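Read through the structure below, which is laid out as structure tokens, and then see the notes.
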Amino acid sequence: MAGLSYSEILRENALLGKSMEGTPAYTIAVLSNIVVAQLNAIFEHPLRRAGIHARVSSGDYDNIPQDSLKFREADLVIVFWEACNIRPLLQARANVMEAVEIQDLVSAVKAEIDFVLNNLSRTSLVFFNQFSSMAFNHHVIGRNNFDRICEELNAHLTAKEDACSNLFLVDVEKILASMSVSKAVDFRFFYSSKSLYSIEFFRAYADYCGAIIQSVAGKARKALIFDCDNTLWKGVLGEDGFDGIEMSARSKAGAIFEEIQQIAVELSRKGVLIGLCSKNNLDDVNHVIENHPDACLRDASIAIKRINWEDKASNLAAIARDLNIGLNSLVFIDDSDFEIERVRSGMPEVLAVRVPESLHDYPELLRKTSRLFYSGVLSKEDAERGAMYQREIERKAGISAFQNVEEYLASLQLGVSIAIDEIRDAPRLAQLTQKTNQFNLTTKRYTEADIRNFIDSRSDSVVSFSVADKFGGYGLVGLCIVCRGVDAGSATIDTLLMSCRTIGRNIELAFFDFLIPFMKDAGIEAVEATYIQTQKNNQVIDFYERVGFQTMESTQTVRNYRLELDVYQPRNLHYISIRYGNQN
């Protein structure tokens with residue numbers, strides 16, 4: 001969107017919308033007490049470019065409480081509740097109001113906020129802008145009544161965020177700080193038509209919030225791959241040597257690269273897969289990672305390395321294959337124009353980012369790039385993801401010692417732990433729907449609030465499972481949502497997915513050996529299911545057929561199935577143990 005004028009955004013956005021006709025829409029409603037009509041196309045445009053059929057609607061001007069009922073079925077509701085227009089000219093009037101008047105006002109607004117959030121309690125996702133006085137008070141020394149009103153309302157919102165799984169508070173002041181108040185606000189239109197924000201602000205707002213929506217829609221990036229020389233450290237290892245490279249705050253350049261490594265470690269702890277792809281000698285790089293006193297990024301935070309003298313594009317393809325993720329999940333950072341352009345031209349799905357010529361811009365660039373990896377929750381699986389991939393390398397290394405796959409799987413001592421409607425797992429289960437692509441029969445994306453709604457429903461069951469073997473735990477990796485039909489004896493599998501880390505171990509077959517008796521015990525006699533084809537889930541195109549479902553109808557991209565539970569034939573896989581209960 002950068003570089004496009006507003007009229008160009010409108011034209012391109014309309015064309016993107018037309019090209020997406022017939023695909024499921026991601027519906028967004030904007031509720032506001034100021035005029036924000038220009039936000040709609042600006043918000044839709046980058047999401048449509050990312051493959052999300054965003055469709056934004058606006059509520060009536062200054063009608064937030066009523067519109068919270070009207071639009072509560074939207075996938076996302078955005079609330080622009082500006083403090084300056086809670087009451088006309090509140091930014092000035094507040095500072096001459098008596099304390100009792102202010103308290104009455106704050107109490108009334110809190111009650112309205114509670115009413116709105118209650119109406120939106122079952123909405124999938126709600127963005128609520130925090131109240132801000134900055135547009136009017138950034139010149140004011142000290143704090144005044146208008147500041148205090150915003151602070152008290154924000155404290156109320158923060159308490160609500162802790163209690164509402166679907167609520168995300170947007171820190172508008174971060175956006176204002178990133179671009180300056182003078183560029184974000186246009187007082188000409190505020191005083192003439194209650195339109196406070198500029199086109200530039202709406203661009204920045206869409207950029208800030210877009211990462212969250214892309215994460216919910218399964219579009220977040222998963223792996224950050226670094227070159228080494230002049231990317232992780234200052235200098236060329238083969239020329240400057242072990243003692244000549246810089247990556248510590250003892251030098252000006254080294255301070256920048258230490259910060260880069262610290263950010264990489266932080267991302268690793270949040271579940272981002274960190275990798276190295278460098279033309280270098282593997283032993284030399286390993287010596288630096290393992291032994292250099294200034295290195296912050298150690299093997300514990302690195303999921304994969306491709307250190308050799310081969311083409312980097314080929315190495316990136318191998319990294320994606322070894323991690324079992326798509327090329328569009330990779331971000332690659334290098335200091336070489338040649339390498340960056342080669343990746344961009346040969347692998348456009350990979351986001352190739354060049355280290356800035358001005359090194360002092362590098363940490364800011366990496367922090368901005370980090371938005372692409374945004375995940376709303378930090379699960380146990382996220383914190384251990386790098387170690388899990390390292391354990392997977394150990395597992396694969398032992399395959400050659402066995403005559404066949406069955407013997408290998410038996411050697412792993414696989415165990416599956418089942419949980420039913422486990423509310424404490426809702427954040428991780430939502431994350432699984434958002435991130436799992438390959439073994440995902442319908443690829444429906446859900447937020448934590450959606451999962452909680454399924455769990456709270458009397459007619460639905462959320463069946464999840466964790467996996468472990470002799471090398472360690474894979475974490476919570478699988479999910480099936482079963483919805484009872486109008487007919488008491490029927491049900492539908494809404495969602496069936498399993499993390500790619502456990503593909504190839506027949507876990508899904510052992511899980512079905514549990515699932516079918518579970519449904520029969522609940523009085524279900526027949527279950528229906530659907531496979532919806534995507535670019536990434538072709539490997540499970542015949543899964544339901546393999547477990548005994550009958551095809552009812554089929555198109556090029558959608559297959560509908562039905563299974564009479566009495567005819568199901570269990571696999572009884574002796575090398576996988578099943579336990580009902582969470583594995584911690």
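No value in this document is a laboratory result; all are computed from the given coordinates. Every value quoted in this text rests on a predicted model; they were computed, and no experiment measured them. Using ideal geometry, Cβ is built from the backbone for each residue, glycine included, and neighbour counts are taken over all protein chains shown.
For this structure, a couple of remarks:
- Its Cα centre serving as origin, region 349-460 has a Cβ charge dipole (Lys and Arg +1, Asp and Glu -1) of approximately 220 debye.
- Gap separating the Cα centres of region 322-356 and region 63-123, nearest whole Å: 45 Å
- Less than 5 angstrom separates the built amide H of Tyr474 from those of Val467, Ala468, Asp469, all sequence-distant by 5 or more or on a different chain.
- When the trypsin sites (Lys or Arg not before Pro) in region 129-178 are filtered for DSSP coil states and for at most 10 other beta-carbon atoms within 10 Å of their beta-carbon, no site remains.
- In this simple spin-label model, placing a label point 7 Å from the Cα along the Cα-to-Cβ direction at both Asn404 and Thr557 gives a separation of 4.0 nm.
- Residues Val56, Val36, ranked from the fewest to the most other C-beta atoms within 10 Å, line up as Val56, Val36.
- From most to least packed by mean Cβ count within 10 Å, the peptides 189-197, 435-443 give 435-443, 189-197.
- Net charge, Ile340 excluded, C-beta distance under 9 Å - Lys, Arg +1, Asp, Glu -1: -2
- For the chain, calculated [θ]222 nm from helices alone, where every DSSP H run of n ≥ 4 adds -39500 (n - 2.57): -12000 deg cm²/dmol
- Based on alpha carbons, the Rg and Dmax found for the chain are 26.4, 84 Å.
- Region 334-373: GluC sites (Glu not before Pro) falling in loop per DSSP and having at most 15 other Cβ within 10 Å: Glu349, Glu357
- Computed about its Cα centre, the charge dipole of the chain is approximately 580 debye, with only Lys, Arg, Asp and Glu carrying charge at their Cβ.
- The Val100 and Ser193 beta-carbon pair, evaluated with R₀ = 41 Å, returns a calculated FRET efficiency of approximately 0.80.
- Look at the dipole of the chain built from charges on Cβ: of Ala41, Ala317, Leu476, the Cα furthest out on the positive end belongs to Ala41.
- Peptides 8-19, 409-420 ordered by packing proxy, namely the average of other Cβ atoms within 10 Å per residue, highest first: 409-420, 8-19.
- Per-peptide average of other Cβ atoms within 10 Å, ordering 103-109, 239-245 highest first: 103-109, 239-245
- Ranking of Asp566, Asp67 by count of other Cβ atoms within 10 Å, fewest first: Asp566, Asp67
- Restricting region 255-318 to GluC sites (Glu not before Pro) in coil, as DSSP defines it, with at most 16 other Cβ within 10 Å: Glu310
- Each of Val558, Val181 has some number of other Cβ atoms within 10 Å of its Cβ, and from fewest to most they run Val558, Val181.
- For region 119-176, the direction-averaged projected area of the alpha-carbon convex hull comes to 4.5 nm².
- Signed unit charges on C-beta, dipole axis of the chain, positive-most listed residue Asn280, Ala54, Ile113: Ala54
- Placing +1 on the Cβ of every Lys and Arg and -1 on the Cβ of every Asp and Glu, with no other charges, gives region 399-580 a dipole of roughly 580 debye about its Cα centre.
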